[in-house]
Amino acid sequence: MELKQSHYYSNGAYGRSWGVRLIMAIQSDPDTGEDMVHFKGIAGSSRRQTGSMQIDEFLRWVKYEVQLVENDWKRVDEPTPS
């Protein structure tokens with residue numbers, strides 16, 4: 001999955017574990033050289049929280065991209081292969 005800045009992602013969990021995060025930035029850590037994801041929790045378990053984690057850790061958390069449609073988070077459909 002290709003992560004993109006200013007896009008929303010969900011962990012696809014159910015109940016209290018569910019969450020949506022907005023990627024604020026994807027940057028290389030100046031000390032370690034690791035690619036880091038800086039995010040803001042938008043809904044669910046991480047709402048109103050900010051954080052950073054290695055890109056590999058974020059990829060383990062995320063299940064799919066989402067978008068807000070009216071008042072509901074909907075999964076963004078994967079492109080259909082041609």
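The values are calculated or read from the model by the stated rules, or taken from the named source; none is laboratory data. Fair warning: this is a prediction, and the values are worked out from it, not measured in the lab. Neighbour counts are summed over all protein chains in view; Cβ atoms, including those assigned to glycine, are modelled from backbone coordinates with ideal geometry. Protein only, heavy atoms only, side chains kept; ligands, DNA and RNA dropped before computing areas. Shrake-Rupley method; radii C 1.70, N 1.55, O 1.52, S 1.80 Å.
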task: Select one label from (1) 4.7; (2) 5.3; (3) 6.4: the one whose number is mean projected area of the Cα convex hull in nm² as derived from the coordinates shown.
output: (3)
query: Counting other Cβ atoms within 10 Å, which chymotrypsin sites (Phe, Trp or Tyr not before Pro) in the range 1-56 have at most 14 and lie in a DSSP loop?
result: TYR14
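How much area per residue is accessible in the range 20-81 when the probe is 1.4 Å and only protein heavy atoms are counted (Å²)?
On the way: 4410 Å² over 62 residues.
I get 71 Å² per residue for the range 20-81.
In the range 1-46, which trypsin sites (Lys or Arg not before Pro) fall in coil by DSSP and have 15 or fewer other Cβ atoms within 10 Å?
Values: sites: LYS4, ARG16, ARG21, LYS40; in loops: LYS4.
For trypsin sites (Lys or Arg not before Pro) across the range 1-46 that sit outside H, G, I, E and B with at most 15 neighbouring Cβ atoms in 10 Å, the list reads LYS4.
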task: Please list the non-local residues whose amide H lies under 5 Å from the amide H of ALA13, H modeled 1.01 Å from N, same-chain partners needing a gap of 5 or more.
output: GLY19
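Relative to the Cα centre, what is the charge dipole magnitude of the range 22-82, using +1 at the beta carbon of each Lys and Arg, -1 at the beta carbon of each Asp and Glu, and rounding to the nearest 20 debye?
Working: 7 positive and 11 negative charges, 76 e Å.
In total the dipole reaches around 360 debye.
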message: Quick one: 3J(HN,Hα) in Hz for the range 43-52, Karplus 6.51/-1.76/1.60 with θ = phi - 60°, rounded, Gly and Pro as x.
response: 8, x, 4, 10, 4, 6, 10, 10, x, 9
- prompt: Hey, if you put +1 on the Cβ of every Lys and Arg and -1 on every Asp and Glu Cβ in the chain, which of MET24, SER10, VAL37 ends up farthest toward the positive end of that dipole?
  reply: SER10
task: Please arrange ARG48, ARG60 by accessible surface area, largest first, computed with a 1.4 Å probe and ligands excluded.
output: ARG48, ARG60
